[in-house]
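The values are calculated or read from the model by the stated rules, or taken from the named source; none is laboratory data. None of the values given here were measured: they were computed from a predicted structure. All Cβ positions, glycine included, derive from the backbone under ideal geometry; neighbour counts span all protein chains shown.
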Amino acid sequence: MADASGVASLSLQDKEPAVEMAAGAEVGENASLAKLQELNVAFKLYQHPEATTIDEQAQHVGHLPGVLTKNLLLRDKKIGTFLVTALHDRTTDTKTLAKLLKLGGKANLRFADEETLESLLKVKRGAVSALAVLNDTENAVTFAIDKALLEQPTINLHPLRNDRTVSIPATAILAYVKAAGHEPVVLDFDSVPAAAPAAAAPAKKEKKSSGNGGGEEDGGAAAAAKKAAAAASGGTLLGIDVSKKDNFALWYTRVITYSEMIDYYDISGCYILRPWAYSMWESIQRWFDAEIKELGVENAYFPLFVSKAALEKEKDHVEGFAPEVAWVTKSGDTDLPEPIAVRPTSETIMYPLYKKWIRSHRDLPLCLNQWSNVVRWEFKDPTPFLRSREFLWQEGHTAHASYDESQKMVRDILDLYKQVYEDLLAVPVIQGRKTEMERFPGGHITTTVEAYIYGSGRSIQGATSHNLGQNFGKMFDIQYEDKAGGHAIPWQTSWGITTRSIGVMVMAHGDDKGLVLPPRVAPKQVVVIPIVKASLSAEKKEALQAYALRLVACLKGGKVRVHLDDRDNYTPGWKYNHWEQKGVPLRMEVGPLDLEKGTVRVVRRDDGSMEDMAEGVVVETVLQRLEQIQKDMFERCKAQRDEKLVQVTEWKDFVPALERKCIVLTPFVNETEWEEEVKRKSREEALAGEAEDDRTATSVAAKTLCIPFDQPELPAGTKCFVSGKEATCWVLWGRSY
Ligand code: 87F
């Protein structure tokens with residue numbers, strides 16, 4: 001963000017407001033939240049990027065009601081260890097603290113180091129707060145708290161981790177500390193005059209505190225300046241510090257933020273798609289748009305708003321979705337005469353126009369598509385790309401003179417969706433029809449492509465293509481004169497794919513270093529990194545730069561999306577990590593030796609393999625490698641999916657298969673009551689008496705994903721795995737998003 005003078009404003013630019021989250025899932029894993037719950041403390045939980053200093057924390061949660069705390073672990077070898085929690089802006093030099101703690105003139109108080117912090121309070125630097133006393137089971141630490149804090153209505157503090165902030169009433173602190181077996185000492189900071197600032201002539205160099213734990217450098221302006229200086233000299237890069245296997249959800253958050261795909265926003269469930277992510281959406285758009293045009297579909301744009309009357313015209317289908325519809329009720333301070341809905345989908349916006357435009361058989365087929373955003377006010381836990389309150393999609397709506405023609409459109413589109421996933425995103429999908437329970441209620445048949453995420457063991461609906469039959473035609477009174485001069489109702493379809501597809505791709509391919517991008521959607525397919533050592537002569541440097549530029553020009557000529565990273569304030573190593581996090585498929589290193597030999601070193605992001613290529617064959621070889629990467633990524637992903645795709649014929653094997661993170665094909669009677677029974681029974685068996693949060697987006701209950709088009713053989717007399725009745729088809733089940 002820039003101010004009027006065009007100068008970037010650091011504090012605003014860095015601000016990443018926290019997102020409020022449902023505490024349900026976290027309570028089970030976080031002892032401090034569990035303790036708060038046990039004590040009946042009403043709290044709010046926020047998620048944000050890691051904040052190791054008060055300043056960083058303030059950037060994320062500074063806008064929330066309540067105060068932040070400064071937390072210091074101090075130690076006197078002879079007297080003991082103290083955890084002091086104070087108002088965020090208190091002066092907290094060791095002298096003042098020793099006085100407040102009444103340690104006497106001989107005390108030699110020091111800020112504890114990180115090791116002490118971790119061993120006593122079992123939290124990392126930057127994650128310390130009063131809540132950490134819970135981990136001091138040996139009672140080795142004396143807890144002391146600023147009296148003024150206890151007079152605040154609300155305190156915001158880290159619940160043992162520095163990427164969360166919990167808001168609690170200050171009154172709850174003492175109860176919590178006592179419940180954790182500690183007798184709190186209350187400190188009156190106002191009774192001690194603040195020590196003179198040390199700026200003029202610091203007698204001794206003493207480590208300052210970050211305010212959230214051990215004795216690290218200050219996190220404010222000084223740290224920002226230090227960070228900038230480090231970057232300028234090719235300094236540190238925040239690496240992904242959590243593995244995909246150990247904590248999939250956190251890993252995903254890290255990957256999408258560190259790769260600069262997503263940024264957070266101060267409205268829960270809404271996210272910023274940064275250029276790196278938006279470019280992938282553009283790749284999908286470009287390809288799909290060209291394909292649907294081949295099928296005779298034209299693009300149009302319909303309004304964002306829908307009147308209450310129009311939305312409720314087709315009450316039956318909207319009924320189940322009603323809680324998710326967002327309404328505009330005011331302009332400025334004035335109430336609108338009628339609330340206006342923000343489109344959650346556009347049937348009710350478009351079909352009144354279809355009624356107007358479709359008068360004769362000559363007006364058919366009418367095949368329109370729009371690229372737009374939609375809003376669905378979800379209450380389940382939001383996840384960037386997968387479940388957000390506003391998302392981007394295309395919605396196609398077509399009308400035909402015959403059922404067969406409409407059904408052909410439904411299947412042609414579903415094939416295109418399969419190709420988006422498999423050929424562009426390198427994620428295998430299973431095509432099929434939804435069961436009665438899962439189909440779009442306004443339609444006749446819903447077809448789907450279903451993907452599987454190996455990291456979480458969950459399946460996910462990739463896109464849907466509906467045959468609407470004549471249902472909407474009847475609801476919206478769309479009639480035309482057919483060839484014989486009679487009245488007819490058109491056969492309609494609708495279909496959509498969303499930005500969710502990008503999240504699926506990230507989850508499917510990313511690794512512990514970050515994003516891994518399939519070349520067809522990678523915003524940059526190759527990054528060229530010149531290796532310029534300071535010791536190199538000016539002539540050599542120039543020659544190297546010219547060589548790199550020549551390679552870039554050749555690659556561009558071959559239609560390769562290439563980027564030259566010749567920034568001189570970062571080391572090659574830093575750049576390698578940076579572009580690895582961003583998932584660029586090929587890295588090209590160009591050093592003095594390569595220049596001499598007329599070669600380049602090329603490293604694949606997906607498998608880390610490297611090779612040297614001669615300049616003369618760089619373009620054709622790179623193009624081949626990109627194709628190979630695309631293919632290999634798909635095959636690897638498919639092998640993982642296939643490993644988890646199992647057939648089960650008896651109930652006793654069903655939940656165990658789900659527990660092994662499988663998607664399960666079973667012979668099924670295909671009746672809604674039995675589908676409900678499977679949902680209920682599978683939840684009950686998996687939870688074994690535990691409760692499940694209603695708002696969880698990731699239930700343990702099994703859902704039908706689809707009735708795959710590709711059906712295994714079903715010999716006559718095969719029994720349904722749950723009802724024991726005769727099975728009518730094979731159905732695919734899974735735990736899903
Ligand atoms: C949420 C609120 C209101 C889904 C909703 O799948 C209405 C709806 O109609 C709603 N969520 N749906 C179903 C959307 C059906 C269909 N629309 C065109 C698609 C593809 C694109």
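Within segment 145-165, being assigned to a strand (DSSP E or B), of a type in the set (S, T, N, Q) and buried (at least 23 other Cβ atoms within 10 Å of the Cβ) holds for 156, 165. Here is the figure for segment 453-483: residues that are within 16 Å of the ligand (Cβ to nearest atom) and assigned to a strand (DSSP E or B) total 10.
Picking from residues in segment 167-181 that are among the small types (Gly, Ala, Ser) and touching a residue at least 40 places away in the same chain (Cβ under 8 Å), the one that is surrounded by the fewest Cβ atoms within 10 Å (Cβ to Cβ) is 181.
Please count how many residues of segment 385-420 are polar (S, T, N, Q), surrounded by 22 or more Cβ atoms within 10 Å (Cβ to Cβ) and in a helix (DSSP H, G or I). Break it down stepwise before answering.
From segment 385-420, those polar (S, T, N, Q) are 388, 394, 398, 402, 406-407, 419; that's our starting set.
From what's left, surrounded by 22 or more Cβ atoms within 10 Å (Cβ to Cβ): 388, 398, 406.
If we keep only those that are in a helix (DSSP H, G or I) too, we end up with 406.
Adding up the residues that qualify gives 1.
Within segment 514-562, being farther than 19 Å from residue 573 by Cβ, among the hydroxyl-bearing types (Ser, Thr, Tyr) and free of Cβ contacts under 8 Å to residues at least 40 places away in the same chain holds for one residue alone: 537.
Taken over segment 269-290, the criterion of being closer than 13 Å to residue 391 by Cβ and not in a helix (DSSP H, G or I) is satisfied by 269, 270, 271, 272, 273. Under the condition of being of a type in the set (S, T, N, Q) and within 35 Å of the chain's Cα centre (by Cα), which residue from segment 82-140 is surrounded by the most Cβ atoms within 10 Å (Cβ to Cβ)? Among residues in segment 82-140 that are of a type in the set (S, T, N, Q) and within 35 Å of the chain's Cα centre (by Cα), the one surrounded by the most Cβ atoms within 10 Å (Cβ to Cβ) is 129.
Restricting 336, 304 to those that are more than 30 Å from residue 514 (Cβ to Cβ), more than 13 Å from the ligand (Cβ to nearest atom) and buried (at least 16 other Cβ atoms within 10 Å of the Cβ) reduces the list to 304.
In segment 703-722, the residues that are closer than 18 Å to residue 680 by Cβ never reach a residue that is at pLDDT below 95 with C-beta atoms less than 7 angstrom apart, at least six apart or across chains.
State which residue is nearest to the ligand (Cβ to nearest atom) when the search covers only segment 484-518 and only residues that are farther than 30 Å from residue 256 by Cβ and outside any strand (DSSP E or B). First the steps, then the outcome.
Of all residues in segment 484-518, those farther than 30 Å from residue 256 by Cβ come to 484-493.
Next cut, outside any strand (DSSP E or B) only: 484-486, 489-490.
Working: 484: 31, 485: 32, 486: 29, 489: 19, 490: 16 Å.
Here the residue is 490.
Annotation: of all residues in segment 423-437 being outside any strand (DSSP E or B) and surrounded by 18 or more Cβ atoms within 10 Å (Cβ to Cβ), the one that is farthest from the ligand (Cβ to nearest atom) is 426.
Each row is one residue, and each column tells you yes or no for (1) of a type in the set (S, T, N, Q); (2) out of contact with any strand residue (DSSP E or B) (no Cβ under 7 Å at 6 or more places or on another chain); (3) in a loop (DSSP other than H, G, I, E, B); (4) within 21 Å of residue 151 (Cα to Cα).
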site	(1), (2), (3), (4)
32	yes, yes, no, no
41	no, no, yes, yes
49	no, yes, yes, no
56	no, yes, no, no
81	yes, no, no, no
91	yes, yes, yes, yes
103	no, no, yes, no
118	no, yes, no, no
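For segment 307-325, a residue qualifies if it is loosely packed, with under 14 Cβ neighbours inside 10 Å and of a type in the set (Gly, Ala, Ser), and the qualifying residues are 309, 320, 322. Hey, can you tell me all the residues within segment 449-487 that are touching a Cys at 6+ places or on another chain (Cβ under 9 Å) and charged (D, E, K, R)? Once the filter is applied, which keeps residues that are touching a Cys at 6+ places or on another chain (Cβ under 9 Å) and charged (D, E, K, R), segment 449-487 yields only 450.
If only one of 293, 315 is in a helix (DSSP H, G or I) and either within 15 Å of the ligand (Cβ to nearest atom) or in contact with a Pro (Cβ under 6 Å, 6 or more places away or on another chain) (or both), which one is it?
On the way: 293 fails: either within 15 Å of the ligand (Cβ to nearest atom) or in contact with a Pro (Cβ under 6 Å, 6 or more places away or on another chain) (or both).
Result of the check over 293, 315: 315.
Take the conditions of a type outside the set (A, V, I, L, M), touching a His at 6+ places or on another chain (Cβ under 8 Å) and crowded, with 23+ Cβ neighbours inside 10 Å and apply them to residue 348. Does it pass? Considered against the rule, which asks whether it is of a type outside the set (A, V, I, L, M), touching a His at 6+ places or on another chain (Cβ under 8 Å) and crowded, with 23+ Cβ neighbours inside 10 Å, residue 348 comes out as no.
If the condition is being more than 13 Å from residue 664 (Cα to Cα) and surrounded by 18 or more Cβ atoms within 10 Å (Cβ to Cβ), then segment 702-721 contributes only 720.
Which one is farthest from residue 320 (Cα to Cα) among residues in segment 389-422 that are β-branched (Val, Ile, Thr) and within 13 Å of the ligand (Cβ to nearest atom)? Full working, then the answer.
If we filter segment 389-422 for residues that are β-branched (Val, Ile, Thr), which is where we start, we get 398, 410, 413, 420.
Okay, now just the ones that are also within 13 Å of the ligand (Cβ to nearest atom), so 398, 410, 413.
Numbers: 398: 24, 410: 24, 413: 26 Å.
Ranking the qualifying residues of segment 389-422, first place goes to 413.
Quick check on this structure: which one of 111, 82 is modelled with pLDDT of 85 or more and either of a type in the set (Ser, Thr, Tyr) or in contact with a Gly (Cβ under 6 Å, 6 or more places away or on another chain) (or both)? Lay out the reasoning, then the answer.
Numbers: 82 fails: either of a type in the set (Ser, Thr, Tyr) or in contact with a Gly (Cβ under 6 Å, 6 or more places away or on another chain) (or both).
That would be 111, the only listed residue that is modelled with pLDDT of 85 or more and either of a type in the set (Ser, Thr, Tyr) or in contact with a Gly (Cβ under 6 Å, 6 or more places away or on another chain) (or both).
Applying a threshold of 8 Å to beta carbon distances and a minimum spacing of six or more residues, or different chains, the list of pairs starting in segment 335-360 at a residue that is under 17 Å from residue 323 (Cα atoms) and ending at one that is within 15 Å of the ligand (Cβ to nearest atom) and polar (S, T, N, Q) reads 340/307; 341/307; 343/372; 346/370; 346/372. The residues in segment 367-385 that are modelled with pLDDT of 95 or more and within 15 Å of the ligand (Cβ to nearest atom) can be counted, and the count is 11.
Read through the list (1) exposed (fewer than 15 other Cβ atoms within 10 Å of the Cβ); (2) within 16 Å of the ligand (Cβ to nearest atom); (3) more than 21 Å from residue 737 (Cβ to Cβ); (4) touching a residue at least 60 places away in the same chain (Cβ under 8 Å), then give the number of the only condition that residue 239 fails. Among (1) exposed (fewer than 15 other Cβ atoms within 10 Å of the Cβ); (2) within 16 Å of the ligand (Cβ to nearest atom); (3) more than 21 Å from residue 737 (Cβ to Cβ); (4) touching a residue at least 60 places away in the same chain (Cβ under 8 Å), the lone unmet condition for residue 239 is (2). Filtered by the rule that a residue be of a type in the set (A, V, I, L, M, F, W, C) and part of a helix (DSSP H, G or I), segment 329-383 gives 349, 350, 353, 357.
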